[in-house]
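Trainee: Got a structure here, written out as structure tokens. Questions coming.
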């Protein structure tokens, strides 16, 4: 990528905030720039950076819940009740965790209750 995703995100948000009536045109031009620089393949990471920036602007938290398998609706409900309605909660499957759950809040691991972590602690010490 020519620029880091958060740089693209900041530029997009600043342009759209400064010119709200031209948001469609700004977005079209933004995509054209990404295509020209070859960074269109990183659009998902850029959109995640936009989402993180908007979440921070609301003074909310960006929460990632990783699990080895899809969480049951009841388990997901129990986990999400721990957070504010303004917080942005994303779930992700990470099979390398083997079992359990990892919760990351604003890029800092808050809880790592995974079998992978337990095995690492057991065999690394």
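What follows draws every value from the coordinates through simple rules; no lab data is involved. Note that this is a predicted model, so its numbers are computed, not measured. Please note: Cβ atoms are built from the backbone with ideal geometry, for glycine as well, and neighbour counts cover all protein chains shown.
Trainee: For each of 102, 59, count neighbouring Cβ atoms within 10 Å of the residue's Cβ, then give the residues from fewest to most.
Mentor: Fewest-to-most Cβ neighbours within 10 Å comes out as 59, 102.
Trainee: If you don't mind, another one. Which value at 222 nm does the chain reach when only helices count, each DSSP H run of 4 or more adding -39,500 (n - 2.57), with the total divided by all residues and rounded to the nearest 500 deg cm²/dmol?
Mentor: -15500 deg cm²/dmol
Trainee: With angles folded into 0 to 90 degrees, how steeply does helix 5-18 sit against the dominant principal axis of the chain? Use alpha carbons for both and round to 10.
Mentor: That works out to roughly 50 degrees.
Trainee: Over the range 5-57, what is the mean sequence separation of C-alpha contacts under 8 Å (at least six apart), divided by residue count, expressed as relative contact order in percent?
Mentor: Dividing the mean separation by the residue count of the range 5-57 yields 56 percent.
Trainee: For the residues 105, 63, what sequence is obtained by ranking on other C-beta atoms within 10 Å, fewest first?
Mentor: In order of increasing Cβ crowding within 10 Å: 105, 63.
Trainee: Still on this model: What is the helix-to-structure angle for 23-37, meaning the angle in degrees between its Cα long axis and the longest Cα principal axis of the chain, kept from 0 to 90 and rounded to the nearest 10?
Mentor: 80 degrees
Trainee: Note the full-extension length gain between residue 117 and residue 33 as 0.36 nm times their separation in residues minus their Cα-Cα distance, in nm to one decimal.
Mentor: Additional length available on full extension: 26.1 nm.
Trainee: First check a/c for the range 21-106, with a ≥ b ≥ c the square roots of the eigenvalues of its C-alpha gyration tensor; if it is under 1.5, answer rounded, and if not, answer prolate when a/b is larger than b/c or oblate otherwise.
Mentor: oblate
Trainee: Something else now. Can you classify the range 5-57 as rounded, prolate or oblate using the Cα gyration tensor, where a ≥ b ≥ c are the square roots of its eigenvalues, rounded means a/c under 1.5, and otherwise it's prolate if a/b beats b/c and oblate if not?
Mentor: It comes out oblate by the Cα gyration axes.
Trainee: Give the relative contact order (percent, whole number) for the chain; include only Cα pairs under 8 Å separated by 6+ residues.
Mentor: Taking the mean separation of contacting Cα pairs over the length of the chain, I get 21 percent.
Trainee: Let me ask something additional. Defining a contact as two alpha carbons under 8 Å apart and six or more residues distant in sequence, what relative contact order in percent does the range 62-124 show?
Mentor: Once divided by the residue count of the range 62-124, the mean separation gives 39 percent.
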